[in-house]
Each structure stands twice: as C-alpha cells, then as structure tokens.
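Read the figures in this text as sums done on the coordinates, not as results from a lab. This structure is a prediction, so every number in the text was calculated from the model and none was measured. So basically every Cβ, Gly included, is an ideal-geometry build from the backbone, and we count neighbours across all protein chains shown.
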Amino acid sequence: MNSEINYIIDQLKDVYEGDPWFGRSIKSILAEIDESIAFDKPNGEHSILELIWHMINWREFTLYHLDPASDKTLSYFEKNDWLILDHSDKSLLQKALVRLQQTQEKLLDLLKHQQDEILVKKIDERNYNFRKLLYGIIQHDIYHLGQIIYIKKMLR
C-alpha cells in the first residue's frame, strides 16, 4: 500500500492545478502572467521568469533523484539554480511554462511507480531523505508562487 506516496501525488496535483487550501493553483496564477510583467525585475530582484526557472530546476533535481539514469550531476543543478536569463528573449516565458508542465507530468508519473519505502531512503549528496525532498518541493513551489503573486500585484 502506498498511502503516503498517493497523498504526496494528490498534494502535487492540488498545488499545481487543483483547488489548494492556500488559494489558487500554480497553473491558474501562471496563466494570468503575460510578457508585460514576467520579465520585469522589481527593485533589481528576481523576475517572475527567473522564479519559474528556479522552480523548474528544483523539480528537475527531484526528478534526477527519482530517476538517476539522467546524465546530470549535482553541479548541474547548483549551476542552474538561479539562471542568468536573457530577458530580451521573450520565448523564455512560454518555454518555462511548457517545461514546468513537463516536470509536473514526469514527477507524477515517476511517483505513481514508487513504494512508500522510498520515503525513508537518503538522497545522495544530501543529509535528508525522499520524504523531506518531496514535501519540500511542494513547499518550495508554494513559497515561490507567493512571490510570483506578490510581484504580479506590485507590477499591475
């Protein structure tokens, strides 16, 4: 029985495109973001675009640990944690939204094939286990979604 893995899957779905307790989902908020604000860096801080790519990086870090057949290494994720993006490349917003959706689908797919026992397994190169990583990615997404909402309100 995989009751905790199933709970994590439900949480990931709810936060990404469901009806989460904290408010609106990632997908519904990001659907309202357009180029006129996505590339702005208020007070020199991160843009919405940078926040989305940062979320993608940590989701890909999680995917890498669930499916280590990837050729990526820890240094890849560290290097790509806060990408320096060409804010004149307006295609980056759509690319980010597509990639975020892809990471969501792959994460759900990989998790549905896992057993609850993986949750206590230690993450390579880290001092925590899969339980902390998976709940952490949910918390991380919510945290940065809050920043995106704040920036969106500020720039309106």
Sequence-distant residues sharing a close amide H with Asn129 (under 5 Å, placed H): Ile123
Debye log10 I(q)/I(0) for region 27-109, one point scatterer per Cα, at q = 0.12, 0.26 Å⁻¹: -0.37, -1.32
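Normalised radius of gyration for region 10-156, please: alpha carbon Rg relative to 2.2 N^0.38 Å, two decimal places.
Normalised Cα radius of gyration, region 10-156: 1.06.
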Estimated FRET transfer efficiency when R0 is 35 angstrom, pair Glu117-Glu45 (beta carbons, to 0.05): 0.30
Cα→Cβ-extended label distance, 7 Å offset, between Ser3 and Glu105, nm: 3.3
0 to 90° range, to nearest 10: angle between helix 3-17 axis and the chain longest Cα axis: 10
Crossing angle, helix 130-155 versus the chain [Cα axis fit, 0-90 degrees, rounded to tens]: 10
Helix 48-66 axis, angle to the chain major axis (alpha carbon atoms, nearest 10°): 10
The chain - percent relative contact order, Cα under 8 Å, separation 6 or more: 33
P(r) of region 71-117 over all Cα-Cα pairs, binned every 5 Å from zero, in whole percent: 5, 15, 14, 22, 22, 13, 6, 3, 2, 0
Approximate spin-label separation Glu17-Ala31, in nm, with each point projected 7 Å along Cα-to-Cβ: 1.0
